[in-house]
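The structure appears right after this line, and notes come after that.
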């Protein structure tokens, strides 16, 4: 089935369902991603949001930036909140008490509530087969609560709980591969997106929302505050992330069919991506250069794996 993708003019003239009067940091990619999600489908949409930057910055009582039904319960369970709404819809539709257009059910969570403390709730929703789309706004740190490391924080990053200093080069563990984990649930669709590649992002989000069953989007959301770059460099840093293959763009259908959706014409070194962010500045000291080398090896190895998986289905 052909899916219409809005062009830039359609986006700029579409009725806003996410108002700009929020308190997200200047340069925060969250707002870019959320606006694309709400413009990707013209169907009624219900949202659940975990505690995090998005929630605290868009619903400061008595104000709200949301022009759609929106619910917030806790840090860990936006997935079960929206799954409950989806179950209610099914019950009402079965009884003939809901006869309008089928709504879409979407949950937002940061990497802390997705990779870590909310993972069992998300996994349960996917195992039960709820017709929801879960979107992780992946800024690789607990940005709302003090800049602590999460399961998404990459190797070598300096955070408030994995600080770089005389005895440490920052976080010692690698980033969890959440997309392959969610694909292993047998989900009909999972994908990785970035706001600098907005057409690719819109296409994947629309596909995820329209597909029946539990779908998952991991959206890179560059954080000017915790990644430590100038607020006008969000898209530049996002370009570096995808062009260095640190954050490759791909999708997995039915848990097995992997498609790489963006191949950089000129792959840049990982060190160029790291150099653009203050959270990695300590890695350029002589005693920590080996971490940059390890980071590059890990990125190369994963890219080779993704390419093999894609070729295996042909």
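Whether a residue is in contact (Cβ under 8 Å) with a residue 60 or more places away in the chain, out of contact with any strand residue (DSSP E or B) (no Cβ under 7 Å at 6 or more places or on another chain) and either assigned to a loop (DSSP other than H, G, I, E, B) or surrounded by fewer than 19 Cβ atoms within 10 Å (Cβ to Cβ) (or both) was assessed, and residue 113 does not pass this test. Among the residues of segment 199-210, those that are more than 15 Å from residue 107 (Cα to Cα) and out of contact with any helix residue (DSSP H, G or I) (no Cβ under 8 Å at 6 or more places or on another chain) comprise 199, 200, 203, 204, 207. In segment 219-235 there is at least one residue matching the filter, namely being out of contact with any strand residue (DSSP E or B) (no Cβ under 6 Å at 6 or more places or on another chain), within 27 Å of residue 300 (Cβ to Cβ), touching a residue at least 60 places away in the same chain (Cβ under 8 Å) and not in a loop (DSSP other than H, G, I, E, B). If you filter segment 286-314 down to residues that are exposed (fewer than 11 other Cβ atoms within 10 Å of the Cβ) and in contact with a strand residue (DSSP E or B) (Cβ under 9 Å, 6 or more places away or on another chain), you find that the one that is nearest to residue 255 (Cα to Cα) is 313.
A quick yes/no check of all residues on (1) modelled with pLDDT of 95 or more; (2) within 17 Å of residue 50 (Cα to Cα); (3) in a loop (DSSP other than H, G, I, E, B):
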| residue | (1), (2), (3) |
| --- | --- |
| 91 | yes, no, no |
| 140 | yes, yes, yes |
| 155 | yes, no, yes |
| 161 | yes, no, yes |
| 166 | no, no, yes |
| 171 | yes, no, yes |
| 176 | yes, no, yes |
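Residue-wise test of (1) surrounded by 14 or more Cβ atoms within 10 Å (Cβ to Cβ); (2) closer than 20 Å to residue 192 by Cα.
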site: 225; (1), (2): yes, no
site: 232; (1), (2): no, no
site: 241; (1), (2): yes, yes
site: 250; (1), (2): yes, yes
site: 262; (1), (2): yes, yes
site: 277; (1), (2): yes, no
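The values are calculated or read from the model by the stated rules, or taken from the named source; none is laboratory data. Just so it is clear, the structure is predicted and the values come from calculations on it, not from any experiment. Every residue, glycine as well, gets a Cβ built from its backbone with ideal geometry; the counts of neighbours run over all protein chains shown.
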